[in-house]
Amino acid sequence: MTHYDAVILGAGPSGLTAAYCLGKAGARVIVVERGANAGGLMRSIKRGDFVLDLGRKELYTRFPEVDALWHELLGEDYRRYAHRSGVLYGGQVVDKEAKFQGPARGMGLGLQADMGLAFLWAQLKPGSRTANNFEEYYTLRYGKTFYDCFHYGYMRKFEGFEPAKLPAPYGVQEIPRFAFLGNRLSANGAVDERPVESRQMDWRHPAYGTGQLVENLEAGARRFGVEFALNTEVLALNVGDGKARSVTIRRDGVESELGGRSIITSLPIPMLMKMIRPEPPESVQKPPQQETAFKKSTALVYLMATGEPAFPHNWVEVTDMSYKMGRVVNYGTWNCKMVPAGKTALCVEYFCVEGDGIMELSKEDLLKLATAEAERAGLIDPSKIIDSLVLQLPHANAATVIHDWKLDWMVKASAYVRSFEGLLETNRPGLDRAAIAGIDAAKACLAGGPMDPRSLENAKSENAKG
Ligand SMILES: Cc1cc2nc3c(=O)[nH]c(=O)nc-3n(C[C@H](O)[C@H](O)[C@H](O)COP(=O)(O)OP(=O)(O)OC[C@H]3O[C@@H](n4cnc5c(N)ncnc54)[C@H](O)[C@@H]3O)c2cc1C
């Protein structure tokens, strides 16, 4: 059995970041990745003249150390872009922020009137002013039309269940009449009272897609002497006497064992629990089947076309429930070299929950559905489409958020994982959280102690997105 300072399971953003930092510090490290390439969900796909991103739409970072690392890796290619997102509601694309088109945000007169009336009614209507959940928070504060236009349909698709079941963004609270007029508002209307370290920093993107980050992390790690075992599957994680001991891997049909002072795992926790040997207690072996968070998958339909994009937004969240699509990403607006001049590349994202039938569609039917929906919304002219790509990612949850990590089973399973000395767990919702977890795992490995838990800490909002 070969011994390392760290055996890293998975070459996604967290595993690669840990590998880079440990390699830089001179540690002896191996990364085990079952795919043919590094990157996990952070990969880019090269398609003709286009570069498309897989598991992301935005590269925000709330952690200055991650921002510094990405600057170090990308230099001038870590490009700032003018951030503009929209919602598709009632047949129109409306800006999420007022900075581009003023308070009307591009709404037609009918919608403005509805929103104004609903806002007034929300302030004046008799009854309780307590916001117990997400829906009550927004409807009491801004009115039902605002909630429907900016939140309901998107959250319904993103979460896979009724948003009224989500906690209120800032906990249960009284919403005074006309409360929002006196407050500073964030982009989607919520009061921005998050702690500084969890705030959005710049909106930036690598010039050649997130794959550029992967390539630079991998190349840097290799330069520092990190070994990569690609096309190699982790079969078991062996523990004993309260410590992480080794991993059993399979490569070219041959099984072997790797030993590590630390084992850093970026495998999703439900997958990891199946691999721990001896088997964990039954209560944490499998996630509860009824919990929506464990039943999600993602389908992505990329549409490439001639002509400039039909809309200026970096992405559009589809709150209109007459569409199945959840979000449409517009790569040509990111100040990048991903889309050739005068062309368009969109990604139509479907947030799937087991049983909704979307993952079961054939690739042809998904392409037809996405093309028809994007055309109906005025986001693309099908006669200009020159290429397309359909990806179905079973069990890849594009809609994962930090509150999935607070589910009872996740808390118990993560505590079980953390109970083993030298076992550091880094799979996270969001590339910046994954990256900071990788940095912290590397620090813990070098210091021989536990990991800083900050990558799992919440912003003040219970609904802080991954
Ligand atoms: C469609 C989509 C859109 C997203 N959009 C955004 C976004 O806009 N912004 C954002 O910040 N985040 C986004 N995310 C989430 C983001 O991609 C993830 O949070 C991030 O990739 C997690 O990184 P990770 O390293 O923890 O895990 P992963 O990226 O999942 O990496 C895990 C790695 O482990 C490997 N692996 C798994 N099992 C084994 C095994 N048995 N043996 C060996 N290797 C194994 C996998 O192949 C993979 O490479 C999105 C995700 C999806 C799917």
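Where a number appears in this text, it was derived from the coordinates with a stated rule and is not lab data. This one's a predicted model, so the numbers in the text were calculated from it and none came from an experiment. Please note: Cβ atoms are built from the backbone with ideal geometry, for glycine as well, and neighbour counts cover all protein chains shown.
Taking 8 Å as the Cα distance limit and 6 or more residues as the minimum spacing, I'd like the relative contact order of the chain as a percentage.
Working: 983 pairs, mean separation 110.1, N = 466.
After rounding, I find 24 percent.
Counting each DSSP H run of 4 or more residues in the chain as -39500 (n - 2.57), what helix-only mean residue ellipticity at 222 nm follows after dividing by all residues, to the nearest 500 deg cm²/dmol?
The per-residue figure over the chain is -8000 deg cm²/dmol.
Report, ordered by chain and residue number, the lysines lying within cross-link reach of K324, taken as a straight Cα distance under 23 Å and ignoring same-chain residues fewer than 8 apart.
Qualifying lysines at Cα under 23 Å: K57, K96, K144, K157, K165, K295, K296, K363, K368, K384, K465.
To the nearest µm²/s, what D does Stokes-Einstein give for region 103-186 at 10 °C and 1.306 mPa s, using the Kirkwood radius over alpha carbon pairs as Rh?
Working: Rh = 13.3 Å.
The estimated diffusion coefficient comes to 119 µm²/s.
What ranking do I8, I436 get, fewest neighbouring Cβ atoms within 10 angstrom at the top?
Details: I8 36, I436 26.
So the residues, fewest neighbours to most, are I436, I8.
Return a whole-number percent for the relative contact order of region 103-186, with Cα pairs under 8 Å and 6 or more residues apart as the contact set. It would help to have the intermediate numbers written out before the result.
Working: 95 pairs, mean separation 28.4, N = 84.
In percent, rounded to a whole number, it is 34.
Below 16 Å, Cα to Cα, which lysines can K443 reach? Residues fewer than 8 away in the same chain don't count.
Once the sequence-local lysines are set aside, what remains near K443 is K24.
Starting from the coordinates of the alpha-carbon atoms of region 320-466, obtain the Kirkwood hydrodynamic radius over all distinct pairs and give the value in Å to one decimal.
Working: mean 1/r = 0.0540 Å⁻¹.
For region 320-466, the Kirkwood estimate is 18.5 Å.
Can you give me the angle between helix 109-124 and the longest principal axis of the chain, using Cα atoms only, in degrees from 0 to 90, rounded to the nearest 10?
On a 0 to 90 degree scale, this one is about 80.
Please compute P(r) over all alpha-carbon pairs of the chain, binned at 10 Å starting from zero, and give each bin as a whole-number percent.
4, 19, 29, 26, 15, 5, 1, 0
May I ask you to derive the FRET efficiency for L117 and D356 from their Cβ-Cβ distance with R0 = 30 Å, giving the value to the nearest 0.05? Please report the intermediate quantities before stating the final value.
Details: r = 34 Å, r/R0 = 1.13.
For L117 and D356, the calculated efficiency is 0.35.
If you average the sequence gap of Cα pairs under 8 Å that are 6 or more apart and divide by the length of region 278-335, what percent do you get for the contact order? The partial results should precede the final answer.
Values: 30 pairs, mean separation 13.1, N = 58.
Taking the mean separation of contacting Cα pairs over the length of region 278-335, I get 23 percent.
List L446, L346, L272 from most exposed to least, where exposure is judged by having the fewest other Cβ atoms within 10 Å. Don't skip to the end; give the middle numbers.
Numbers: L446 16, L346 28, L272 23.
Result, fewest neighbours first: L446, L272, L346.
Can you sort D252, D365, D114, D432 from fewest to most other Cβ atoms within 10 Å of each residue's own Cβ? Show your work: numbers first, answer last.
Numbers: D252 6, D365 12, D114 19, D432 22.
Listed from fewest to most nearby Cβ atoms, that is D252, D365, D114, D432.
Considering the options N427, I386, G86, tell which one lies farthest towards the positive end of the dipole of the chain, charges being +1 on Lys and Arg and -1 on Asp and Glu at the Cβ, about the Cα centre.
Final value for the positive-end residue is G86.
Amide H neighbours of I8 under 5 Å, counting only residues 5+ apart in sequence or on other chains, H built in-plane at 1.01 Å?
HN-HN under 5 Å from I8: I30, V31, V32, I264.
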